[in-house]
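Below: one structure, written as structure tokens.
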Amino acid sequence: MKKPLSKHLLTVLAVTAAAFVMALNKNSFVDTGGLYPGGVAGLSILIQRLLAETLHRNIPFSVINLLLNAVPVYIGFRYIGKKFTLYSCLMIVLNSLFTDLLPPHIITEDILLISIFGGIIQGLAVSLCLNANATSGGTDFIGIFLSERRGGDAFSVILGFNTVILLAAGFLFGWDKALYSIIFQYAATAVQRLTYRKYQQSTLFIVTTKPAPVCNAIYAATQHGATVLEGEGSYEHCERNVVYSVVSAAESKQVIRIVRETDPEAFINEMRTQTLSGRFYHPKEE
């Protein structure tokens, strides 16, 4: 099914807004605090500052960032999806251009505030991209690739990878900025995990007298299956059925609404799934 034009326009607007916010964040919080935000953007800043100190050459951020994103973009086209990667390329280009064009702006010089609130803004911008079916480029491609292969959230792995980059920055330019940068990256990852839940799962236990319609409704909405367990209500001592299903955390509210429409008397218990082993359906990116 083709996306309507309005959906494409909304995606482009979301990507443009995220690119602008990330560039503004870099030119205010990140540069003021001398931080390294992690990922390819952080590596670009690291290389940019290294060239400035050793060779006294001021290379534009956009040039370095676009070159370093070549391999992640290939991974996106090869393993994730063409439209998804094209929107991500738009994000990479716009973010690079906005970063070079926007003037520096100091909001605060308190490095702890910069680390926390800069990280929060970074996480919101990345999540805006991801929820619009795009990425901010770089390690986000790798995170999504690993999440699809592992069947779960792999962004903690990316946090570890970013920490290695930040440790290299600490070795080259000083440990205080590197350690504050880890706070920045941790705040960004925490916000991202709260606001982007596609690769997290929720377990639903649904007590219902209409198990077949409930199972059909869940499958029609999400393509996730369900298991029907037979039980007995302890108060009324009458037959009850429990529908057990695991869905994406991003879909859980939609599933609960659909179950309510199917059986208004259903009793629903949602629990966060910590570990999942076995086949679990993830829709492919276009």
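Here, each number is a calculation from the coordinates, and none is a lab measurement. Quantities reported herein were computed from a predicted structural model and do not represent experimental measurements. Backbone-built Cβ (ideal geometry, glycine too); neighbour counts: all protein chains shown.
Structural remarks
- Working note: Debye formula, equal point scatterers on the alpha-carbon atoms of the range 1-77, no solvent; log10 I(q)/I(0) at q = 0.11, 0.12, 0.13, 0.14 Å⁻¹ is -0.40, -0.46, -0.53, -0.60.
- The alpha carbon convex hull volume per residue for the range 94-198 rounds to 111 Å³.
- Ranking ASN241, ALA41, ILE120 by how far each Cα lies toward the positive end of the dipole of the chain (charges on Cβ) leaves ALA41 at the top.
- When the Gaussian network model of the chain links Cα atoms closer than 10 Å, the mean-square fluctuations of ALA188, ALA132, ALA217 top out at ALA217.
- Among GLY174, GLY76, GLY33, residue whose mean-square fluctuation peaks in a GNM of the chain (springs only between Cα atoms under 10 Å): GLY174
- Each Lys and Arg contributes +1 and each Asp and Glu -1, all at the Cβ; summed about the Cα centre of the range 201-273, the dipole is approximately 320 debye.
- Dimensionless Rg over Rh [the chain; C-alpha; Kirkwood]: 1.08
- GNM on the chain, alpha-carbon springs under 10 angstrom: the most fluctuating residue among LYS177, LYS253, LYS83 is LYS253.
- Cα centroid separation - the range 85-142 against the range 31-51, whole Å: 13
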